[in-house]
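Undergrad: The structure is given below, and queries will be raised subsequently.
The values are calculated or read from the model by the stated rules, or taken from the named source; none is laboratory data. Small disclaimer: the values here were computed from a predicted structure and weren't measured. We place every Cβ from the backbone using ideal geometry, glycine too, and count neighbours over all the protein chains shown. We work out accessible area using only protein heavy atoms, side chains counted, and drop any ligands, DNA or RNA first. Shrake-Rupley method; radii C 1.70, N 1.55, O 1.52, S 1.80 Å.
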Amino acid sequence: LLRGVVGMGDMYFWCHQIKHLVAFFPRAEHRVQVTVSLFRRVIDPHNFSKVLRLMPPNEQAETCSRLGWTTVFTPHEPIMFYRLNLARVDDREVAYKLFKMALSDESCTSFLKLHIDGHPK
């Protein structure tokens, strides 16, 4: 099934369809692989965060890291799990956007459960 989904050469998908496809896979590494492989075939990338939010935090982070955080980041729906490596330009750019968003919204609850280098802050 994994080979069949990953090898869908000329097919394109809506995010709600990808959510259903990903749900068929019981193993985390397969869900991540399918999500990464189908991302380039997404018709509505602005809804991709809905696919990511169905995944556990570690799978979200792995998927976003493999695709590139700036590729999947959507400022209008930023609520999800982030594991950013600030040594990477891509990750630093997303962290900066999140920080600016948090500063501009007084009711913002961003940066809850913030850890830096594995230590709570």
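Undergrad: Distances longer than 18 Å among the Cα atoms of the chain: what percent of all pairs is that?
TA: Working: 3932 of 7260 pairs.
Taking all Cα-Cα pairs of the chain, the fraction more than 18 Å apart is 54 percent.
Undergrad: Using Cα-only point scatterers and the Debye equation, what is log10 of I(q)/I(0) for the range 40-85 at each q in 0.19, 0.20, 0.21, 0.25 Å⁻¹, rounded to two decimals?
TA: Values returned for q = 0.19, 0.20, 0.21, 0.25 Å⁻¹ are -0.53, -0.59, -0.65, -0.94.
Undergrad: Of all accessible surface on the chain at a 1.4 Å probe, what whole percent is carbon and sulfur?
TA: Values: 4620 of 7990 Å².
C and S fraction of accessible area: 58 percent.
Undergrad: Still on this structure, please answer the following. Ranking request for peptides 51-63, 84-96: highest mean number of other beta-carbon atoms within 10 Å first, then the rest in descending order. Let's see the in-between values first.
TA: Working: 51-63: 17.5, 84-96: 14.1.
Final packing ranking: 51-63, 84-96.
Undergrad: I would also like to ask the following. Tell me the mean residue ellipticity at 222 nm calculated for the chain from its helices only (DSSP H runs of n ≥ 4, each -39500 (n - 2.57), averaged over every residue, nearest 500).
TA: Values: 7 runs with 63 residues, N = 121.
When only DSSP H runs of four or more count, the value is -14500 deg cm²/dmol.
Undergrad: For the chain, with every protein chain kept in place, what is the accessible area per residue (1.4 Å probe, Å²)?
TA: Details: 7990 Å² over 121 residues.
Per-residue value: 66 Å².
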